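Any read-out appearing in this document is the output of simple, stated calculations on the displayed coordinates, not a laboratory observation. Being a predicted model, the structure only gives us computed values, none of them experimental. Using ideal geometry, Cβ is built from the backbone for each residue, glycine included, and neighbour counts are taken over all protein chains shown.
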Amino acid sequence: MNNLNFIYPEIFISLSILFLLIIGVFKKKSSDLVFTLSVVILLIALGILIKFPSDKEFFLFSDSYKIDQLSTFMKIVTLISGIFVLISSYKYIKLAKIIDIEYPVLILASILGMLVMISSYDLIVFYVGLELQTLSLYVLAAFDKNQRNSSEAGLKYFVLSALSSGLLLYGCSLIYGFTGSTNFALISENIFSSDYGNIFGIVFILVGLSFKISVVPFHMWAPDVYEGSPTSVTLFFAVVPKVAALTVFIRFLYVPFFSLIEQWQSIIIFLSLASMIFGAISAIGQKNLKRLIAFSSIGHMGYALAALSVGTNSGIQSSIIYLCIYLVMNIGFFCCLFMLKRENIFFYNLEDLAGLSKNHPVISLCLLIILFSLAGIPPTAGFFAKFYIFISVIEESMYFLAIIGLLSTVISAFYYLKIIKIIYFDRPKEQYDKENDLGLKISLALSTLLILLYFIYPDSLINLVSKISII
Amino acid sequence: MDFPILSSLILLPIVGALFILISKSSDTYKFKSSKYVALFVSFVNFFISIYLWYIFDPNSTEFQFVENRLWLQGFVNYKIGIDGISILFIILSTFIAPLCIVSVNRTIKVRLKDFLIAILVMESLMIGVFCSLDLVIFYLFFEGGLIPMFLIIGIWGGSRRVYSAFKFFLFTLLGSVLMLVAIISIYWISGTTDVAELYKLGIEPKYQNLLWLAFFSSFAVKTPMWPVHTWLPDAHVEAPTAGSVLLAAILLKMAGYGFIRFSIGLFPIASENFTLLIYTLSLIAIVYTSFVALMQDDMKKLIAYSSVAHMGYVTLGIFTINQQGLEGSIIQMISHGLVSAALFFCVGILYERRHSRLIKDYGGIVSIMPKYAVLLMIFTLAAIGLPGTSGFIGEFLILMGTFKESFLVATIASLGVVLAAAYMLWLYKRVVFGKLINKDLLKMPDLNKSEIFILTSLALPVLFFGIYPEPLLNTIETSITNLIDTYKYSINVTK
């Protein structure tokens, strides 16, 4: 039972959730304390995770739970981004008056669900993790009770997500029926393309998963939910669940379904192309920054999927690198959004940024760097993210995908430039508050510096990721 | 090479920009100090590059001052170095940048600090483009230059600046992404992106055509060649003077340099296949845009169109792929860098005083601005290519090289010389001579000290290299010969 060591982070987080709830019940006005504690809990879990050996693989609970480099790395990424999301949104949560003890607890619960998803090696374990994650997210989306938009977002997300979970579950049951097992390793041995049930199952599962990472044509929920949810939750949506969902994508495609790569490859290529193009074009007309970032994240997920479609280890690695850089850029972008406040009112419209550079040169400079990075212009980190993707895509001679992908970066550059134009070229509006709390400043500074200086030592991320190999 | 002299050339302006960024200021006093920092840094850079030219060995066929550091997983190295071709462009960049900084005094009214930072960053990136010896590094610098230029046009530009900045950015980006695909493909085909290695290895002929076209799409937009030149007049007209100068003097040269270094160097067979395409587009550029220039009533637009025509000569000369043609196009690029910079400065000087760029608003200013009239005359004649100016050497060599290849092409190209004389002299006549009708012009002061400094320091090399081009030709000769030898060798091998 020595191996139980390797789920200590999950056990620790689940016990702490209960502990935090008890504090919440017995201590009045404990929301600040619970919030701080939850950050500490995530840090401790991170500390445990970092100590995991990076060169061994373990199976737990009769092969239904796998600890390997992929799961450890993605868990670390999840926790780090979770910590930064919490730190940078603290002030917002206070000002928006949604700082109840349930908020951090729900965040912890959904992170727990993600950790389970990341490690799952069995359809049932995977589904349990997924549901834990999404159920917490429904509540989080609707968390701002005083806002109609927020409740609407929660309901929308719930209805559509439940539907997609249903499809996913149906796919799982088909796979189980035709292969006779729920374990990934056993499925991969018994899955054959001659059984149409398997192919149906794969399609249903892929549809469900695509919904979770919001790629076209299963993206409809994203803009509304991103817009309606409280901004801190939007940040959470845009960042943390993507890690888990992408890991599951990798796991499904490359373990149980890998022998059917010819069946799913064209699906993934379609999803990726559609997301890149659609994300780029539909973001152009957006006036609300949260909606805009939703479309931009659809496009970005398209790029991450492009690398997954090639079926090589380097593809997986570049997809993971892309994801990491995407997370940093998004955290930086939302930090800037959190700073756009005047007398406790936050601003989300594109035109609220007008002439920002005049009154807030530092925020504008950070936004400039982040936006150029999102657009993928060298020498920012965003360029390298795309560069890795296209290296692995072109390695497999998929020139069509590469060219369309790069052309859609030009289209998407247009709307990022539009934001820069509003910040730098337009006439300034009223000033925003100059004071911001330390956590927010640190998150913004860190993410901007990472993006800007990534080119000095680009190997850092590659070295971390290069150990991950699935195939 | 012990001391990383090229890296320090690239880094120095960035360091200066950081200094300016950190110095907190809003008052005019601090503006001055940040200007001094920028001036100091850019002049030091200029002297370093002159020293570099001095210690550069023109008889070596190898790349010199090479620095090679592991960078990206060992497959892309940070490799920089120069040969006879690149050194001239580096000096051109370090020469133009301080002049731009001198000129900001009166042209830039708002956010001077940011402007200086943008110019310095731009200088770093431009030097980087000319010394990178790895395709990926080249791409980084090449594309990175879009960011500061976009901001220069967009923040400090004229009334239609947003449109122009977007057009500039998106056109260039669209051209460049295909080059990125080609660069990555080269990596997978040849296993390296190191230029010197690729010269030795060569690229399989069956891939060359497509790769050449991908590079061409980027360079053609940047050159700019007809029909993708339309971003240039817009960008020039709206950009502030210093921005126009950088754009015309150096940014356009990146593409010419890229043609020589990459298109001919890496894809000799494809270059031969596509010669006709280049000839056609260049001739259209020379003749058509000259006519367009003739009809402009905006001075800046006229010079912008003349730039397109002059760059037409450059591409024509490059793809003759003989000694005269190539040498001519490099000298033409250097000369055009100096002359167009000077002409944009001249227009800027008038614009500052009258806030108009329309030719019809001027006339007869020779009587009120005699010094200006003299200097403008020099540059006008240099733009026409009058013997005695550097413009003549370039055009003459290009035409000579072209005559060797094709009589017809050279004849049509010669028309451009006549047309250039027509639009430039007509411009000069309408602006400088004639009757002084507009009484507002009387208030215009003649050149001040800094303007005289800028224009004379541009006029001296124009005249000097016009009379005595030996130093330029000496520097490039070995590299060009080497390039042509490799080119002929690989053509013969495939035949």
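Points worth noting:
- Shielding by partners - mean other protein chain Cβ count within 10 Å, residues of A:372-385: 4
- Region B:383-486: C-alpha gyration tensor shape, a/c 1.5 cut-off, then a/b vs b/c: oblate
- Stretching A:LEU21 away from A:ASN3 to a fully extended chain increases their span by 3.6 nm, per 0.36 nm per residue minus the current alpha-carbon distance.
- Rel. contact order, % - alpha carbon contacts under 8 angstrom, at least six apart, region A:263-471: 30 percent
- Burial ordering of A:VAL393, A:VAL203, B:VAL493, A:VAL77, fewest other beta-carbon atoms within 10 Å first: B:VAL493, A:VAL203, A:VAL77, A:VAL393
- Alpha-carbon centroid distance for the pair region B:341-399 / region A:6-70, whole angstrom: 73 Å
- Long pairs among A:LYS91/A:LYS434; A:LYS28/A:LYS97; A:LYS242/A:LYS287; A:LYS421/B:LYS167; A:LYS75/A:LYS386; A:LYS212/A:LYS242, criterion Cα-Cα beyond 18 Å: A:LYS242/A:LYS287; A:LYS75/A:LYS386
- Helices in the protein assembly as shown, meaning DSSP H runs of at least 4 residues, each add -39500 (n - 2.57). Divided by all residues, the mean residue ellipticity at 222 nm is -25000 deg cm²/dmol.
- Chain B: angle of helix B:390-405 to the longest principal axis, Cα-based, in degrees nearest 10: 40 degrees
- Shown for B:THR192, B:THR380: other C-beta atoms within 10 Å of each C-beta, ranked fewest to most, produce the order B:THR192, B:THR380.
- Inter-chain shielding of B:174-181 (mean C-beta neighbours from other protein chains, 10 Å cut-off): 6
- Given R0 = 35 Å, the distance between the Cβ atoms of A:ASN359 and B:SER8 translates into a calculated FRET efficiency of 0.45.
- Per residue of peptide B:182-194, the mean number of Cβ atoms on other chains within 10 Å of the residue Cβ is 2.
- Cα gyration tensor category, rounded, prolate or oblate, for chain A with a/c compared to 1.5: oblate
- Relative contact order (%) - chain A, alpha-carbon pairs under 8 angstrom, separation at least six: 14 percent
- Local net charge near A:VAL25, Cβ-Cβ under 15 Å (Lys/Arg +1, Asp/Glu -1): +1
- Residue-span extension gain [A:TYR170 to A:LEU155] - 0.36 nm each, minus C-alpha spacing: 3.2 nm
- Seen against the Cα atoms of chain B and their longest principal axis, helix B:205-222 is set at about 10 degrees.
- Chain B: C-alpha gyration tensor shape, a/c 1.5 cut-off, then a/b vs b/c: oblate
- Whichever lysines have a C-alpha closer than 27 Å to that of B:LYS429, once near sequence neighbours (fewer than 8 apart) are set aside: B:LYS300, B:LYS301, B:LYS360, B:LYS371, B:LYS439, B:LYS443, B:LYS449
- Modelled spin-label separation between B:SER414 and B:PHE75, with each label point placed 7 Å from Cα along the Cα-to-Cβ direction: 5.3 nm.
- Measuring between their Cα centroids, region A:418-456 and region B:447-495 lie 44 Å from each other.
- Packing, as the average of other Cβ atoms within 10 Å across residues, places the peptides A:456-463, A:83-90, B:402-409, A:150-157 in the order A:83-90, A:150-157, B:402-409, A:456-463, highest first.
- Here the label points at B:ASP57 and A:VAL203, each 7 Å from Cα along the C-beta direction, are separated by 6.9 nm in the simple model.
- Potential lengthening between A:LYS441 and A:ARG342 on full extension [0.36 nm per residue; Cα-Cα distance subtracted]: 33.9 nm
- Likely footprinting exposure, A:LEU350, A:LEU168, fewest C-beta neighbours within 10 Å first: A:LEU350, A:LEU168
- Using alpha-carbon coordinates, inclination of helix B:449-467 to the longest axis of chain B, degrees: 50 degrees
- Relative contact order %, region B:274-495, counting alpha carbon pairs below 8 Å whose residues are six or more apart: 28 percent
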